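Step one of this worksheet: look at the structure below.
The values are calculated or read from the model by the stated rules, or taken from the named source; none is laboratory data. Please read all numbers here as calculations on a predicted model, not as lab measurements. As a convention, Cβ positions derive from the backbone with ideal geometry for all residues, glycine included, and neighbour counts pool all protein chains shown.
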Amino acid sequence: MSARSWAKHEARETSARAVLMVRPSVFHSNPQTSITNLLQPRVSADAAHSDLLEAALREFDGVVRALSDAGIDVVVMDPPASVKSPDAVFPNNWLSTHADGTAVLYPLMAANRRTERHRSIVDALDARFGYAVHQLVDLSHLEKRGEYVEGTGSLVLDRAHHVAYVALSPRSTAHAVHTACETLGMRECAFVATHSAGSAIYHTNVMLALGTEVAVCCLDVIRNPQQRTRVREQLEASSRMVMPISESQMMSFGANVLELRSASGPLLAVSARAWACYEPAQRRVLESRFAVNPVALDTIERVGGGGLRCMLAEIHLPARANHSGLAIRASAEPLRELA
């Protein structure tokens, strides 16, 4: 399908009504990702891995319950038995799906995360969960060139206006970003965002979230005034109110949130820590536009360095013609291995 045709499909679907979540079988701090992620501790020696996994599973199940109670379709899968990555709970970094029935696989910087990108999970969306996957685009070959673009962690997609916002970083490199945007039929809005200490913001979705009517953005980390103005003007041109947050709020996952849509209206998927970091006026802005039910994610955020938005791979795929609807369905056993 051409980029132009793809864009027409994407314009119909902005907020997702369904998400994929991957239940962790291993959980601890990943030393290969902590190098580039200041939201993640370098060492996780405060608890045994088994205790961390138990806590992470409680939080994971709490998210599933909260989203399902709010009317969101949640597809829960166990990772294949071969996947031992501590970050498998963050599937949005390797997979995006689109309204024309396309699924895209992305190149990951950390070598120990690449097993998460498993074809059987995509196949299961089609064969077991009733979504139609018409084509698979695999960009993982870019890893061989040292080029990375980590899904909707790197690309914050404005599907309605065909713009991809990208904070360039070691995990979001220029060539890979350009390739992904060209593939998706998106116009890239790339910029540099850094912590006050000088290191790059590792993923765009920790400093920017797009809702239909509001954009939550840490503009302060875009240090170049021209780039900061360009990003703000681009957001405002999309008829969104820009709700700025501080760098401190960003470090509490204040922008790592996601608009979803149930039959009763828009929902803000937000963690308890993120919600607590907002000022009262900011909460009022969000409550005027979303149903809000914060969920506790202390262990996953603290140890994994990713928040609630990172746990949710939006499903924009069309339903199969012979499928009557979705509910929460968790796989009872690990998915089969594919050659």
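For this structure, a couple of remarks:
- Members of segment 160-176 found to be touching a helix residue (DSSP H, G or I) at 6+ places or on another chain (Cβ under 7 Å) and closer than 11 Å to residue 147 by Cα, listed by number: 171, 172, 176
For every residue, the table says whether it meets (1) surrounded by 22 or more Cβ atoms within 10 Å (Cβ to Cβ); (2) in a helix (DSSP H, G or I); (3) touching a residue at least 24 places away in the same chain (Cβ under 8 Å); (4) among the polar types (S, T, N, Q).
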residue: 190; (1), (2), (3), (4): no, no, yes, no
residue: 197; (1), (2), (3), (4): no, no, yes, no
residue: 202; (1), (2), (3), (4): yes, no, yes, no
residue: 205; (1), (2), (3), (4): yes, yes, yes, yes
residue: 215; (1), (2), (3), (4): yes, no, yes, no
residue: 223; (1), (2), (3), (4): no, no, yes, no
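- Against the conditions (1) over 30 Å from residue 214 (Cα atoms); (2) outside any helix (DSSP H, G or I), residue 122 satisfies every one except (2).
- The set of residues in segment 70-86 being at pLDDT below 95 and of a type in the set (D, E, K, R) consists of 78, 84.
- Residues being over 13 Å from residue 165 (Cβ atoms) and either in contact with a Ser or Thr (Cβ under 9 Å, 6 or more places away or on another chain) or buried (at least 17 other Cβ atoms within 10 Å of the Cβ) (or both) - total across segment 225-237: 0
- Meets criteria (within 13 Å of the chain's Cα centre (by Cα) and at pLDDT 95 or above) for residue 308: yes
- Among the residues listed as 280, 266, the single one being farther than 25 Å from residue 71 by Cβ, out of contact with any Pro (no Cβ under 7 Å at 6 or more places or on another chain) and surrounded by fewer than 24 Cβ atoms within 10 Å (Cβ to Cβ): 280
- Hey, residue 292 out of contact with any Pro (no Cβ under 7 Å at 6 or more places or on another chain), at negative phi and either surrounded by 15 or more Cβ atoms within 10 Å (Cβ to Cβ) or in contact (Cβ under 8 Å) with a residue 24 or more places away in the chain (or both) or not: yes
- Residue that is farthest from residue 244 (Cα to Cα), among those in segment 178-207 that are β-branched (Val, Ile, Thr) and touching a helix residue (DSSP H, G or I) at 6+ places or on another chain (Cβ under 7 Å): 179
- In segment 237-281, the residue that is nearest to residue 206 (Cα to Cα) out of those that are of a type in the set (A, V, I, L, M) and assigned to a strand (DSSP E or B) is 258.
- Test: residue in segment 238-250 that is surrounded by 22 or more Cβ atoms within 10 Å (Cβ to Cβ), more than 17 Å from the chain's Cα centre (by Cα) and not small (Gly, Ala, Ser): yes
- Identity of the residue in segment 99-123, in contact with a helix residue (DSSP H, G or I) (Cβ under 6 Å, 6 or more places away or on another chain) and in contact (Cβ under 8 Å) with a residue 40 or more places away in the chain, that ends up surrounded by the fewest Cβ atoms within 10 Å (Cβ to Cβ): 112
- Residue match in segment 132-143 (condition: out of contact with any Cys (no Cβ under 9 Å at 6 or more places or on another chain), hydroxyl-bearing (Ser, Thr, Tyr), outside any loop (DSSP other than H, G, I, E, B) and closer than 28 Å to residue 189 by Cα): yes
- The sole residue among 160, 164, 174 that is without any contact (Cβ under 8 Å) to a residue 40 or more places away in the chain, surrounded by fewer than 23 Cβ atoms within 10 Å (Cβ to Cβ) and farther than 16 Å from residue 113 by Cβ is 174.
- Qualifying residue in segment 97-107 (condition: under 10 Å from residue 22 (Cβ atoms) and under 16 Å from the mean Cα position of the chain (by Cα)): no
For (1) under 30 Å from residue 73 (Cα atoms); (2) small (Gly, Ala, Ser); (3) touching a Gly at 6+ places or on another chain (Cβ under 9 Å), each residue gets a yes or a no:
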position	(1), (2), (3)
212	yes, no, no
226	no, no, no
235	yes, no, no
253	yes, no, yes
259	yes, no, yes
282	yes, no, yes
